[in-house]
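Undergrad: Can you read through this structure? Questions will come right after.
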């Protein structure tokens, strides 16, 4: 030891050379890119809140789904671009009537305790997720997958064993649907469809997801869980593709305040954190390789209350249109948010797969022209300086929503002379007010369930449970129904968007972007994945 | 949250403060108050802050809710405090004039503090006076109820109430006032016990005056000194309280604002080079509270002439 | 003494019952529910969940079942939001954390506050006095939601001395900032109270007599002045303790310590009825207990008080 020290101290160059040799020895390079890997392969990221559950059958929020995707593996995974990739299943066959799917499972998949992962585990997990006994808030997902008897099982009219899923043998899973579903295979990348280990669940009950009990089949196992503080997950030695996993440890920290999270990121404690509203320009200038913004599959909009008995002023389409025209989306996007969001003149997100932006007249106008037109429309409707219009705007408590609401209320005031009463409501109160129609104008945000325009536009259907405006236009309903079976629904979607622009049941404001800081040595992030589904096993850290 | 039991204690024991109101006592107190430099300083400061809240808006070149869209997102460079632009205190992150907003926030914070204190003092005094005057079983039951209520974590209940009934300034006053009346009730009861044996009360009782009338006409006026002291010390606590509520996002609605809301917004932005957003509201917050503390201490010393 | 304790404890029971009913009623009237979300659940799914948590029962039955569970099984029910955890789990997890940093904040607030107060009183009207008074007033009015981010910027970002948050089983590095942020304003109050009551005691006749007899100052302070001067401080400790539990909301938000403060605010916003109730009852019970302890200490120090 002493000799080594002396040797190192006397030859500084030798020290450098030697340490780099040590480095290269103990740390492999990335198998594909050949980049030198960092010695510490720990990925630490921030979330804003604790998740309700990490049980695949119960998990309901994005943060929880991220953890579940690491801990468990379903039939299929998504690759960096969002395409299907083999998971526990290697392939599948579809029957001619598109109603029966047969999945062929790999035989080398193992649970973290060494047990093999079988088709029976999937069968058990799916029936469990649908059962009234578990009462999962995500039971509806099983129904959305159109599984045979799903609705009856959830309603308690049939025993879970009647659900349309059967393990033919250990490596063959048969799924029966009640109607053809073109994107069924896409749906099995979702956490609700992941397998669970029956013996563990039965032994520990609802405590089975605690680190001391959990048995999982994904690339990681949960080793530490302090609610509202952290979750630590470590490499699962039993995972069939363990050799290709590079990140050793993943730490999820709950940091409620995003400004605090940014401070801790800058102090080097985090590898990924959200960028607080309005800070993207400064951060991307200062840390161009760390501040990233990619399109996120959500639209931000304000909705008008079009129920019967709702305040009369906003039942006039001219008033609604005037209010929509007077919103300067460019200011919202460039000044208020400034993080890669795009101004919205259509409800459907611009980056949605296969969607071409329709030609909405408003989009091609200058803001001055829009303002002029807005003033005219409002005068036509009988409002002006002698008869000023007052609207009530509700939004849920959040700094970002507040900033947008303040800006828009001022746009209305400065352009149209419209007074706005702002009221921010705490989330649960807000949801209640919105679904009961207890508002004039309310904030809304909608995120895609799948990557296709109907996931947005279906909200405009008069019967949709999510149509809080209660917009009711039979022509729109007909167009949307037609789109379901059309070979190319784009023409229908164009017309629906035109109706939205004309009737203005909602004011589309902007299309989301996901903006985060990623530490400079973190690689492999799937920025191309529109749904932002990432897997820790695909990430790695390079040596700096 | 910041109940100061030492003060409560001192006030409960200050028996001579309840002496019959007379010209000389008040004149004495006034003289003593004005000899106390800190108290006078606090008083002057308070008057200045009140004048700022009432008339500061006249000097402002901008409306408190006016958004200058060209300043949005360019705050750190364009929204700096400057006399040229008329934004004496700079702008907030939405591009609004911070001076005008501080004027408004100071006004609302003072109002929340004063109204909250008045609610607490009125409820507490009446409750305490009634309990003390009737004595016996009424007193026992009423004060036991106060004991019970004292053990309820009201901060938690207030958060629940604001969450559940939605926020409004009215709820805020009510909630804050209701939390603070308990101490006042105890003080008022203690004082009433001494007053009720004085001759003028006994005379009133003997001539058959209605008990409620006795309480309102004879007892409450004699509690005035102590009530004023307590109220003055209560106001700053109310303001601190309101700032906590604002931090949780349960305070006043936009575009209205309070010092607490401004401070919490400024604090969240402090690492982004817009320190004035924290500095100015905090300055007024600190001055307001200092002033009330000094005036309150001065009043207590003036009305309670112990040799210190 | 024993009868006093017994009497106080009998009052505690109706107090807690009132608290249970009050919070139960408040939540029952609240808009929204624990299972509302941006996307309303299909009715049959919602029905299953409500049946599981007993929300389909009438009001009186729910409250009866709840109170029965609390009293006979010490069971505060399952959390509605955290699907795999019960309220007992959550409290068992979060409360020791809150208690740990609360305890240290309390110790720091009392020792530093009392020392500062005494020092200021003994050196009245010197620079030390002015400094102590200045610090304590300043510290009292600086809201802890301003203090917390300042600490983070200084110690974590600029100096890099301390981790910016987390708990890590309560290692000291993780405790420093929460304790500073939580204790400062109480330390300041305690310093002010100590100073003024010490001054008052030093002016009383028995201390003057002791001085006249020529006793050494140190002996006068410790043997004679300390006890009576501590009485007002003692009566402040009750509210200070409750304030610290409330203040844990801010500590948990800024330092992600995982204490019950964060759980409380979260469950209030998410209508996690059972967690709100559990924490409210816990804090209520602690308040009662702490007030009792303070009263007993009071009697021990002040021989004039007899219970």
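Derivation of every value follows stated rules applied to the coordinates shown; laboratory data play no part. Just so you know, these numbers come straight off a predicted model, no measurement behind them. Heads up, the Cβs are rebuilt from the backbone with ideal geometry, glycines too, and the neighbour counts pull from every protein chain shown.
Undergrad: Extending each Cα 7 Å along its Cβ direction at residue B:275 and residue C:204, get the distance between those two points in nm, one decimal.
TA: Using points 7 Å along Cα→Cβ, the separation is 4.7 nm.
Undergrad: Got a sec? How would A:43, C:74, B:134 order by Cβ neighbour count within 10 Å, fewest to most?
TA: Working: A:43 23, C:74 8, B:134 15.
By the 10 Å Cβ count, ascending, the order reads C:74, B:134, A:43.
Undergrad: Below 8 Å between Cα atoms, with a sequence gap of 6+, how large is the relative contact order for chain B in percent? Kindly include the intermediate steps, with their values, before the conclusion.
TA: Values: 438 pairs, mean separation 90.5, N = 308.
In percent, rounded to a whole number, it is 29.
Undergrad: May I pose another question? Determine the shielding of peptide A:138-146 by partner chains: average, over its residues, the number of Cβ atoms on other chains within 10 angstrom of each Cβ. Write out the running numbers ahead of the final one.
TA: Numbers: counts 2, 7, 6, 1, 1, 3, 1, 0, 0.
Taking all residues of A:138-146 together, the mean is 2.
Undergrad: While we're here: What is the gain in length, in nm to one decimal, between residue C:226 and residue C:38 on full extension, counting 0.36 nm per residue of separation less the C-alpha to C-alpha distance? Walk me through the numbers on the way to the answer.
TA: Working: separation 188, 0.36 × 188 = 67.68 nm, distance 5.97 nm.
Extra length available between residue C:226 and residue C:38 comes to 61.7 nm.
Undergrad: Let me confirm one metric for peptide C:42-55, namely the mean number of other chain beta-carbon atoms within 10 Å of its residues' beta-carbons. Spell out each step's value before the answer.
TA: On the way: counts 8, 2, 11, 13, 4, 5, 12, 6, 1, 3, 5, 1, 0, 0.
Whole-number average of other-chain Cβ neighbours for C:42-55 is 5.
Undergrad: Then there's this: Would you mind getting me the FRET efficiency between residue A:308 and residue B:137? Use the beta-carbon distance for r and R0 = 60 Å, nearest 0.05. Kindly include the intermediate steps, with their values, before the conclusion.
TA: On the way: r = 58 Å, r/R0 = 0.97.
Once rounded, the FRET efficiency stands at 0.55.
Undergrad: Hey, what number do you get for chain B at 222 nm if only DSSP H runs of n ≥ 4 count, each worth -39500 (n - 2.57), divided across all residues, to the nearest 500?
TA: Rounded to the nearest 500, the figure is -23000 deg cm²/dmol.
Undergrad: For residue A:213 and residue A:466, calculate 0.36 nm times their separation in residues minus their Cα-Cα distance, and state this gained length in nm to one decimal. Don't jump to the answer; show the numbers that get you there.
TA: Numbers: separation 253, 0.36 × 253 = 91.08 nm, distance 3.85 nm.
Contour length minus Cα-Cα distance gives 87.2 nm.
Undergrad: Still on this model: Relative to the longest principal Cα axis of chain B, at what angle does helix B:37-59 sit, 0 to 90 degrees, rounded to 10?
TA: That works out to roughly 50 degrees.
Undergrad: A further question follows. Take the alpha-carbon positions of the protein assembly as shown, form their convex hull, and give its projected area averaged over all directions (one quarter of the hull surface) in nm².
TA: On the way: hull surface 222.8 nm².
Mean projected area of the Cα convex hull: 55.7 nm².
Undergrad: Would you calculate the separation in nanometres between label points at residue A:108 and residue A:166, each defined as 7 Å from the Cα along the Cα-to-beta-carbon direction?
TA: The modelled label-to-label distance comes out at 3.1 nm.
Undergrad: For chain A, what does the helix formula give at 222 nm: sum of -39500 (n - 2.57) over DSSP H segments with n ≥ 4, over the residue count, nearest 500 deg cm²/dmol? Before the final figure, lay out each step's value.
TA: Working: 18 runs with 164 residues, N = 544.
Result for chain A: -8500 deg cm²/dmol, rounded to the nearest 500.
Undergrad: Now, a different point. If you line up the long axis of helix C:87-122 against the longest principal axis of chain C, both from Cα atoms, how many degrees apart are they, to the nearest 10?
TA: 20 degrees
Undergrad: Go ahead and run the numbers for FRET between residue C:60 and residue A:39, Cβ-Cβ distance against an R0 of 60 Å, rounding to 0.05.
TA: On the way: r = 63 Å, r/R0 = 1.05.
So, using R0 = 60 Å, E works out to roughly 0.45.
Undergrad: Let me ask something else about it. Along the Cα→Cβ direction, 7 angstrom out, place labels at residue A:204 and residue B:199. What is the inter-label distance in nm?
TA: Label at residue A:204, label at residue B:199, 8.3 nm between them.
Undergrad: Let me ask something else about it. For the range B:36-307, place one equal point scatterer on every Cα, skip the solvent, and apply the Debye formula. What is log10 of I(q)/I(0) at q = 0.08, 0.09, 0.14 Å⁻¹?
TA: So the normalised log intensities work out to -0.42, -0.52, -0.99.
Undergrad: What relative contact order, as a whole-number percentage, does the range A:146-299 give when Cα pairs under 8 Å and 6 or more residues apart are counted? Numbers along the way, then the final one.
TA: Values: 146 pairs, mean separation 14.6, N = 154.
Value for the range A:146-299: 9 percent.
Undergrad: If we count other beta carbons within 10 Å of each Cβ, what is the order of A:247, B:289, C:137, fewest first? Don't skip to the end; give the middle numbers.
TA: Values: A:247 25, B:289 22, C:137 19.
Ascending number of Cβ neighbours within 10 Å: C:137, B:289, A:247.
Undergrad: Taking only Cα atoms, what is the 0 to 90° angle, nearest 10, from helix A:399-411's long axis to the longest principal axis of chain A?
TA: 20 degrees
Undergrad: Also, quick follow-up: Along the three principal axes, how long is the range A:340-473 when you take its alpha carbons, biggest first, rounded to the nearest angstrom?
TA: 48, 38, 33
Undergrad: Sequence gap at least 6, Cα distance under 8 Å: using those rules, report the relative contact order of chain C to the nearest whole percent. Present the calculation step by step, with values, prior to reporting the outcome.
TA: Details: 337 pairs, mean separation 78.8, N = 307.
The normalised contact order for chain C reaches 26 percent.
Undergrad: How high is the FRET efficiency from residue C:161 to residue C:219, r the C-beta distance, R0 25 Å, rounded to 0.05? Don't jump to the answer; show the numbers that get you there.
TA: Working: r = 41 Å, r/R0 = 1.64.
The formula returns an efficiency of 0.05 here.
Undergrad: May I pose another question? Fewest first, what order do A:304, C:82, C:106 take by the number of other Cβ atoms within 10 Å?
TA: On the way: A:304 28, C:82 23, C:106 19.
Lowest to highest Cβ neighbour count: C:106, C:82, A:304.
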